[in-house]
Amino acid sequence: AAPVQVQLVVPMAVVFCPGSVPGDLPRPLPFRDVQEMEISVNLRTSVTSRYEMRYRSTTGQEEAALAAATAREADAALHLLQDTTLGSLTMYVVPETSSLLPQGINVYVGKHRSALVRAARSLAALQARLREVTQVMSFTASSIAAALSDRVPDGQLSPDARRNLKSSLGYEITFSLLNPDPKSHTVDWDIEGAVNRYVKPVLDKLSLVANFSVDSQILYYAVLGVTPRYDKESSSFLLSAHSLPHVINPVEARLGSSAASLYPVLNFLLYVPERSHSPLYIQDKDGAPVSTNAFHSPRWGGIMVYNVEAPASPQASLPLHVDVDMARVMEVFLAQLRLLFGLSREEVPPEFLLEGPGNEGLADWELDHLLWAHTVENIATVSTTLTSLAQLLDKIGNIVIKDDVASEVYRAVASVQSAVSKLSLGHLHAAFQASKEAVTSSERAFFDPSLLHLLYFPDDQKFAIYIPLFLPMAVPILLSLAKIVRETRLRKKEPTKMD
């Protein structure tokens with residue numbers, strides 16, 4: 001693949017409250033500083049992160065906002081005053097004795113693009129703390145490596161990196177209710193209400209990243225394809241961790257074809273076990289029950305088992321009416337959606353307090369996290385696509401490249417260059433938009449119908465097609481030619497008659 005050179009620039013403000021300025025500042029406030037780091041991917045891909053830091057004191061309005069009783073209130077008040085540019089960060093340094101941060105907590109990460117950081121004695125100690133914050137709130141070496149996973153040797157990637165969805169211009173989300181035993185259960189789920197209440201706010205926020213479409217379906221007599229094991233002690237049925245991969249294929253055959261879809265499809269399945277296999281519990285690798293009774297499959301989606309309480313009296317009439325608790329179900333599915341997009345919050349230092357994203361499902365800085373990764377991935381994808389196209393066209397000598405294909409290639413190159421330059425200026429949103437345009441143009445060029453049939457029609461195939469057509473005609477012609485040559489030779493040999 002073609003070499004990729006990208007510089008990711010993060011505009012960052014470090015704002016000191018009164019009483020929080022370390023004693024060893026190199027010069028009086030305000031001043032600027034730059035920190036650069038090389039992110040190693042491989043020899044042909046160089047990614048540099050550059051934090052452009054602006055150190056300054058708080059304004060009167062910011063001080064008033066920081067006088068709030070709790071960190072959450074301060075974060076909400078500061079949001080109205082700070083730079084909300086995508087990809088930018090604002091760090092408010094509060095005094096060591098500040099009551100805004102609870103005991104033992106040194107960093108509070110808000111819902112937007114700012115954090116409250118407890119002051120340190122020296123600038124070096126503060127910068128080390130700020131570096132930890134940027135690793136949480138911005139991109140990390142591992143998130144960039146995951147975005148460039150096609151270019152990274154397998155051994156260097158964490159298992160989580162393979163779980164994340166590839167960058168796409170759109171995604172299709174399908175919620176399916178599986179009722180394998182409709183004779184015993186009549187299941188009602190308010191999927192429309194649940195999507196509007198829980199899923200729509202998240203997708204509205206993610207609409208900056210890609211287009212989303214949501215649909216739902218109910219499938220009857222759809223079974224998991226793995227027979228659960230009966231456990232006498234708990235008088236319940238168990239699905240062990242090693243049998244979970246075998247659950248997906250039989251179910252997927254019933255889900256409707258995703259082959260017709262232009263975009264990746266995410267499947268979220270709610271499975272109500274048949275009466276003969278109830279209650280059904282999922283076990284983890286250690287044999288302990290999984291608290292959510294659900295599991296997810298990387299880049300595919302997730303399945304949740306929803307047990308129905310047995311009727312109090314054995315004479316209860318069948319089918320039983322089941323009303324699904326959508327809040328409990330959607331909590332699990334949204335957590336799985338975050339995992340699929342690589343937004344898990346597992347690797348956070350213990351002295352960090354992260355504000356929950358609320359009903360929007362993800363914080364502003366988490367959205368930036370996605371945009372950084374997808375922009376880099378798009379740039380790499382376009383460079384690979386255009387390189388492949390150039391190599392293919394080189395192999396076909398007699399190819400005619402139409403003007404519209406050429407203009408798409410030029411547009412893709414210009415958009416990639418624009419994305420790279422916007423990243424180096426710290427304009428994340430503009431860079432992401434340019435990278436999306438580059439992907440669209442490069443794919444239009446690569447899959448153009450005028451090129452497609454030639455790409456799959458090499459010279460040896462032409463011979464294979466034309467020889468059977470010309471051979472029957474060629475045989476008598478060749479025989480005639482041979483006969484003419486033979487007769488000519490005989491005539492030359494014959495002595496000319498003398499009178």
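The values are calculated or read from the model by the stated rules, or taken from the named source; none is laboratory data. The structure presented is a predicted model; accordingly, all values stated were derived computationally and were not measured. A quick note on method: Cβ atoms are made from the backbone with ideal geometry, for glycine too, and the neighbour counts reach across all protein chains shown. These area figures cover heavy atoms from the full protein model, side chains too; ligands, DNA and RNA do not enter into them. Shrake-Rupley method; radii C 1.70, N 1.55, O 1.52, S 1.80 Å.
Taking the conditions (1) open to solvent by less than 50 Å² (accessible area, probe 1.4 Å); (2) among the polar types (S, T, N, Q); (3) under 29 Å from residue 166 (Cα atoms) in turn, residue 249 satisfies each one other than (1).
Within the stretch 342-377, the residues that satisfy the criterion of being open to solvent by 40 Å² or more (accessible area, probe 1.4 Å) and in a loop (DSSP other than H, G, I, E, B) are 345, 346, 347, 348, 350, 351.
Test residue 224 against the stated conditions and say whether it is in a loop (DSSP other than H, G, I, E, B), open to solvent by less than 30 Å² (accessible area, probe 1.4 Å) and touching a residue at least 24 places away in the same chain (Cβ under 8 Å). Before you say what the answer is, go through the steps one by one.
Details: in a loop (DSSP other than H, G, I, E, B): yes; open to solvent by less than 30 Å² (accessible area, probe 1.4 Å): yes; touching a residue at least 24 places away in the same chain (Cβ under 8 Å): yes.
Yes.
Testing residue 417 on (1) open to solvent by less than 70 Å² (accessible area, probe 1.4 Å); (2) under 27 Å from the mean Cα position of the chain (by Cα); (3) among the polar types (S, T, N, Q), one condition comes back false. Which one is that? Exception for residue 417: condition (1). Within the stretch 441-465, the residues that satisfy the criterion of being modelled with pLDDT under 75 and assigned to a loop (DSSP other than H, G, I, E, B) are 456, 457, 458. Each residue in the stretch 379-395 was checked for being more than 11 Å from residue 442 (Cα to Cα) and open to solvent by 30 Å² or more (accessible area, probe 1.4 Å), and 6 of them qualify. Can you work out which of the residues in the stretch 72-113 that are over 13 Å from residue 15 (Cβ atoms) and among the acidic types (Asp, Glu) is surrounded by the most Cβ atoms within 10 Å (Cβ to Cβ)? So, considering only residues that are over 13 Å from residue 15 (Cβ atoms) and among the acidic types (Asp, Glu), the one surrounded by the most Cβ atoms within 10 Å (Cβ to Cβ) is 75. If residue 194 satisfies all but one of (1) touching a strand residue (DSSP E or B) at 6+ places or on another chain (Cβ under 8 Å); (2) at pLDDT 90 or above; (3) open to solvent by less than 20 Å² (accessible area, probe 1.4 Å), what's the number of the condition it fails? Against the list (1) touching a strand residue (DSSP E or B) at 6+ places or on another chain (Cβ under 8 Å); (2) at pLDDT 90 or above; (3) open to solvent by less than 20 Å² (accessible area, probe 1.4 Å), residue 194 comes up short only on (1). Within the stretch 108-139, the residues that satisfy the criterion of being part of a strand (DSSP E or B), in contact (Cβ under 8 Å) with a residue 40 or more places away in the chain and farther than 14 Å from residue 20 by Cα are 108, 109.
Of all the numbered requirements in (1) modelled with pLDDT of 85 or more; (2) crowded, with 22+ Cβ neighbours inside 10 Å, residue 145 misses one, and that requirement is (1). The residue list 278, 257, 317 contains one member that is among the polar types (S, T, N, Q) and at pLDDT 80 or above, which is 278. Within the stretch 121-135, one or more residues are at pLDDT below 90, under 25 Å from residue 371 (Cα atoms) and either of a type outside the set (A, V, I, L, M) or in contact with a strand residue (DSSP E or B) (Cβ under 7 Å, 6 or more places away or on another chain) (or both).
Take the residues of the stretch 271-304 that are of a type in the set (Lys, Arg) and outside any helix (DSSP H, G or I): which is least open to solvent (accessible area, probe 1.4 Å)?
Within the stretch 271-304, the subset of a type in the set (Lys, Arg) is 275, 285, 299.
Retained after the next criterion (residues that are outside any helix (DSSP H, G or I)): 285, 299.
On the way: 285: 191, 299: 92 Å².
This residue is 299.
Just to be sure, is residue 52 crowded, with 18+ Cβ neighbours inside 10 Å, modelled with pLDDT of 90 or more and acidic (Asp, Glu)? Taking the combined requirement at face value, the residue does not satisfy it.
Return the residue satisfying two criteria in turn: it lies in the stretch 396-405 and is open to solvent by 30 Å² or more (accessible area, probe 1.4 Å) and either in a helix (DSSP H, G or I) or among the polar types (S, T, N, Q) (or both), and of such residues it is nearest to residue 442 (Cα to Cα). So, considering only residues that are open to solvent by 30 Å² or more (accessible area, probe 1.4 Å) and either in a helix (DSSP H, G or I) or among the polar types (S, T, N, Q) (or both), the one nearest to residue 442 (Cα to Cα) is 404. Please go through the stretch 95-107 and pick out each residue that is touching a helix residue (DSSP H, G or I) at 6+ places or on another chain (Cβ under 7 Å) and either assigned to a strand (DSSP E or B) or of a type outside the set (A, V, I, L, M) (or both). Scanning the stretch 95-107 gives 106, 107.
May I ask you to list the residues in the stretch 196-215 that are part of a strand (DSSP E or B) and over 20 Å from residue 375 (Cβ atoms)?
Narrowing the stretch 196-215 to residues part of a strand (DSSP E or B): 211-215.
Of everything in the stretch 196-215, those that are part of a strand (DSSP E or B) and over 20 Å from residue 375 (Cβ atoms) turn out to be 213, 214, 215.
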